[in-house]
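Notes to accompany the following structure.
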There are 2 protein chains.
Amino acid sequence: LEAEAFFQAGFRDIFIACPQASRGAIEKIAGLVEKGAELIVGFDHHEQIVLLEQAAEAISRRISVRLEIDSGHHRCGISSVEEIVKIAREVRGSGGLELEGIYTHAGHVYGSTGLEQTRRIAKEEGEALVRASRVLAEAGVRVRSLSAGSTPTHRWVAEVEGVTELRPGNYVFFDAMQVGLGVVGLERCALRVMGTVLSVYEGRFVIDAGSKALGLDKGAHGMEGLRGHGIMVGGHNWEISRLSEEQGIVEVLPGEGYPKVGESIEIVPNHACVVANLGGGMWMRRGERMERVSLVGRR
Amino acid sequence: LEAEAFFQAGFRDIFIACPQASRGAIEKIAGLVEKGAELIVGFDHHEQIVLLEQAAEAISRRISVRLEIDSGHHRCGISSVEEIVKIAREVRGSGGLELEGIYTHAGHVYGSTGLEQTRRIAKEEGEALVRASRVLAEAGVRVRSLSAGSTPTHRWVAEVEGVTELRPGNYVFFDAMQVGLGVVGLERCALRVMGTVLSVYEGRFVIDAGSKALGLDKGAHGMEGLRGHGIMVGGHNWEISRLSEEQGIVEVLPGEGYPKVGESIEIVPNHACVVANLGGGMWMRRGERMERVSLVGRR
């Protein structure tokens, strides 16, 4: 459970934005609450309530929970009015749990084909939360937090009245996917993968950055419009067309020049989140100095 | 450089089957040779020879090298007779390098659509090495090793007379890709990812194994025929149709039953190599006991 690593790193307010259903994970959550973590746990199913309640009872503490609402992504969360009211009442009826809020993740925005559509999904994301909170209020259940979350929608979902929290996780670095979606320009992408040219051939060259460095993401949920496996900085007409595990094959388009063997190549990856997870650490530029930073939760 | 981790773990004979071209990597290689590693380094370009020679000179030792031959994968390696002879003579003319052998990787076999084609690619893989060694012999250059390598071809490439070494890296575990290619049956796949059912919905359920656990591979180089993101053991009509980073969305096909929230699900991943790299460690079954093993080179 990554929450443990964050707690050990000094974080106290932690929201686990994912329904938890294994006895092991819930016991760890209870352990963190006992140690003083201000934890909020996602849920959307009766069975999770049963487990969380047992855990709360075992530590004689209340556990805060948030209900996941499905705003169109159809991964986790519920959307029917009856289900929302039923499950919220179940939590209220329990002694050990407190319904702190509701949340959603509009992950289907990664399939958006333009800013107009992105804006519409953002609006729907926020409105799904507001609608659910109204339904709950009518049933006598008041919640404090209405939490929306996705990087492409964050700017517009903030305009929906009633939303109290945003979780735009990718904004820390941004990446080629966000550039492809029109969320930001390339100059806002902070994370770079440095590759070295291993060898040069007719029509292509090979770098030492493959799927273990760049990830295979071509857009989180089937997004269109990304060319190759990352954006090569420098304006050359080069395209990372294939990835092996340790090597990237870069096509040199007609009329374009070749790099030298041993040359460094700077790449903005398609998906910064998986790259941060794959790497064993990273270097940060502070003014003129390079500093090695380690990442919370990396083994 | 992973070779360093293997050396520290006690391995002495190490073949780096990838052309090396960065000064940093080559200095590390030289350092390992100095410490007593029996290293062989892949190469296929003049510039790599220059760097390797400088390194050999700096440590006053010979460095063994192997020339990569392109047998049809078109990633690394060379195939023209003139180039092969020219670069081999260049190595011979150098004081610090020894041409120990030649090698190839028939990675395009992962695009094979049947065993007949796989067998043909295996034959071509072996014959490309034999042909290159004959060309070298005629030019007065004798090599010791003819090294072929890919898991799908290993059975048949061994039948080509002259091949001295196989590198079927995936055979340690096997995986759904090898099952899809007809190399082995599911019962030979040793690596399993254990997922937990987080929640159940109409027509789908969600597990806590996403792309960070299962990888996004759908076949190394565009292989057809894999259904979803891994094979779920147990014979249910379930398909891992989408992966988020931390979650897998499993489609429940019509007429099929649902698992319980909290239930464990056993999955044979599509690509065992990337799964081993993503995991922080693994459990091994020895008789009735489960033992935690750590992996060489993992941070």
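Laboratory data are not the source of any read-out in this text; all were calculated from the coordinates shown. These numbers come from a predicted model, not from an experiment. Glycine gets a Cβ as well: all are built from the backbone with ideal geometry, and neighbour counts include every protein chain shown.
Please state the relative contact order of the range B:18-166 as a whole percent: Cα pairs under 8 Å, 6+ residues apart?
This gives 20 percent for the range B:18-166.
Would you mind pulling out the separation of the Cα centroids of the range B:182-204 and the range A:235-282, in Å?
Value for the Cα centre distance between the two parts: 32 Å.
Take the alpha carbon atoms of the protein assembly as shown, find their radius of gyration, then divide it by 2.2 N^0.38 Å using N residues; give the quotient.
In units of the globular-protein estimate, the protein assembly as shown measures up at 1.07.
With 15 Å as the cut-off, how large is the P(r) tail for the range A:138-211, expressed as percent of Cα-Cα pairs? Numbers along the way, then the final one.
Values: 1858 of 2701 pairs.
Distances greater than 15 Å cover 69 percent of the Cα pairs.
Work out how much length A:GLU263 to A:VAL172 would gain on full extension: take 0.36 nm times their residue separation and subtract the Cα-Cα distance, in nm to one decimal.
Values: separation 91, 0.36 × 91 = 32.76 nm, distance 2.83 nm.
Extra length from A:GLU263 to A:VAL172 when fully extended: 29.9 nm.
Going through the DSSP H helices of chain A, which span 27 Å or more along their own axis at the Cα atoms while scoring at least -1.0 as a mean Kyte-Doolittle hydropathy?
In chain A, the long hydrophobic H runs are A:115-138.
Restricting to DSSP H runs of at least four residues, report the calculated mean residue ellipticity at 222 nm for chain A, -39500 (n - 2.57) per run over all residues, nearest 500 deg cm²/dmol.
-9000 deg cm²/dmol
Send over the per residue convex hull volume for the range A:44-121, Cα only, as a whole number of Å³.
It comes to 92 Å³ per residue, whole-number rounded.
Label position 7 Å from Cα toward Cβ: report the copy-to-copy distances for A:VAL184 in nm, one decimal, ordered from shortest.
For A:VAL184, the other copies' label points sit at 4.4 nm, shortest first.
Tell me, B:ILE121, B:ILE40 in order of fewest to most beta-carbon neighbours within 10 Å? Intermediate results must be reported in sequence, preceding the final value.
Values: B:ILE121 25, B:ILE40 20.
By the 10 Å Cβ count, ascending: B:ILE40, B:ILE121.
How big is the charge dipole of the range A:162-216 about its Cα centre, in debye rounded to the nearest 20, if each Lys and Arg gets +1 on its Cβ and each Asp and Glu gets -1 on its Cβ?
Working: 5 positive and 5 negative charges, 13 e Å.
The dipole magnitude comes to about 60 debye.
In nm to one decimal, list the spacings between the B:ASN237 label point and its equivalents in the other copies, with label points set 7 Å along Cα to Cβ, shortest first.
5.1
Counting every Cα pair in the range A:32-183, what percent are over 24 Å apart? All intermediate terms of the calculation are to be shown ahead of the outcome.
Details: 4179 of 11476 pairs.
For the range A:32-183, the share of Cα pairs beyond 24 Å comes to 36 percent.
For chain B, take the alpha-carbon Rg, divide it by the Kirkwood Rh, and send me Rg/Rh. Walk me through the intermediate numbers first.
Numbers: Rg = 22.3 Å, Rh = 21.3 Å.
My calculation of the ratio gives 1.05.
Counting other Cβ atoms within 10 Å, which chymotrypsin sites (Phe, Trp or Tyr not before Pro) in the range A:3-47 have at most 15 and lie in a DSSP loop?
Details: sites: A:PHE6, A:PHE7, A:PHE11, A:PHE15, A:PHE43; in loops: A:PHE11.
Those that pass, being in a loop and sparsely packed, are A:PHE11.
In a Gaussian network model over chain B where Cα atoms closer than 10 Å are linked, find which of B:PRO259, B:PRO19, B:PRO168 has the largest mean-square fluctuation.
Ranking B:PRO259, B:PRO19, B:PRO168 by mean-square fluctuation puts B:PRO259 first.
Could you give each residue of the range A:143-160 its phi-based ³J(HN,Hα) in whole Hz, using Karplus coefficients 6.51, -1.76, 1.60 with θ = phi - 60°, and x for Gly or Pro?
10, 8, 9, 10, 10, 10, x, 5, 5, x, 8, 4, 5, 8, 5, 5, 7, 7
Simple spin-label model, 7 Å along Cα-to-Cβ: B:GLU138 to B:LEU253 in nm?
5.4
For the rotation that superimposes chain B on chain A, which residue of B has the C-beta lying nearest to the axis, and at what distance in Å?
For chain B, the closest residue to the axis carrying it onto A is B:LEU216, 2.
Which entries of A:LYS123/B:LYS260; A:LYS260/B:LYS86; A:LYS212/B:LYS35; A:LYS123/A:LYS212; B:LYS218/B:LYS260 have Cα-Cα distances beyond 31 Å here? Let's see the in-between values first.
Values: A:LYS123/B:LYS260 34 Å; A:LYS260/B:LYS86 20 Å; A:LYS212/B:LYS35 28 Å; A:LYS123/A:LYS212 36 Å; B:LYS218/B:LYS260 28 Å.
Beyond 31 Å: A:LYS123/B:LYS260; A:LYS123/A:LYS212.
Taking loop as defined by DSSP and a crowding limit of 12 other beta carbons within 10 Å, which trypsin sites (Lys or Arg not before Pro) in the range A:78-169 fit? Before the final figure, lay out the partial values.
On the way: sites: A:LYS86, A:ARG89, A:ARG92, A:ARG119, A:ARG120, A:LYS123, A:ARG131, A:ARG134, A:ARG142, A:ARG144, A:ARG155; in loops: A:ARG142, A:ARG144.
Answer by residue number: A:ARG142.
Just round it to a whole percent: the fraction of Cα-Cα distances in the range A:34-74 exceeding 12 Å.
64
For the range A:158-223, calculate the relative contact order in percent as a whole number, restricting contacts to Cα pairs under 8 Å that are 6 or more residues apart.
Over the range A:158-223, the number comes to 20 percent.
Roughly how many debye, to the nearest 20, is the charge dipole of chain B about its Cα centre, given +1 on each Lys and Arg Cβ, -1 on each Asp and Glu Cβ, and no other charges?
The dipole of chain B has a size of about 500 debye.
How do A:TYR201, B:TYR103 rank when sorted from fewest to most other Cβ atoms within 10 Å of their own Cβ?
Working: A:TYR201 18, B:TYR103 26.
The fewest-first ordering by Cβ neighbours comes to A:TYR201, B:TYR103.
Between copies, how far apart are the A:GLU251 label points? List them in nm, one decimal, shortest first, with each point 7 Å from Cα toward Cβ, please?
When each copy's label point is compared with this one, the spacings are 2.8 nm.
For the range B:241-285, take N as its residue count and report Rg(C-alpha) divided by 2.2 N^0.38 Å.
Working: Rg = 13.3 Å, N = 45, 2.2 N^0.38 = 9.3 Å.
For the range B:241-285, the normalised Cα radius of gyration is 1.43.
Give, in nm to one decimal, the length gained when the segment between A:GLU165 and A:ARG188 is fully stretched (0.36 nm per residue of separation minus the Cα-Cα distance).
Numbers: separation 23, 0.36 × 23 = 8.28 nm, distance 2.29 nm.
Stretched fully, the A:GLU165-A:ARG188 segment lengthens by 6.0 nm.
Taking 2.2 N^0.38 Å as the expected size of a compact globular protein, what ratio does the Cα radius of gyration of the range B:96-246 give against it, to two decimals?
1.34
With label points built 7 Å along Cα→Cβ from the Cα atoms of B:GLU57 and A:GLU288, find their separation and express it in nm.
For the pair B:GLU57/A:GLU288, the computed spacing is 3.3 nm.
In percent, how large is the relative contact order of chain B, given Cα pairs closer than 8 Å and 6 or more residues apart?
Once divided by the residue count of chain B, the mean separation gives 13 percent.
Among A:ASP175, A:ASP13, A:ASP208, which one shows the biggest mean-square fluctuation in a GNM of chain A, springs joining Cα atoms closer than 10 Å?
With Cα springs under 10 Å in chain A, the top fluctuation among A:ASP175, A:ASP13, A:ASP208 is at A:ASP13.
About the Cα centre of the range B:1-116, how large is the charge dipole given +1 on each Lys and Arg Cβ and -1 on each Asp and Glu Cβ? Please answer in debye to the nearest 20. Write out the running numbers ahead of the final one.
On the way: 11 positive and 18 negative charges, 44 e Å.
In debye, rounded to 20, the range B:1-116 gives about 200.
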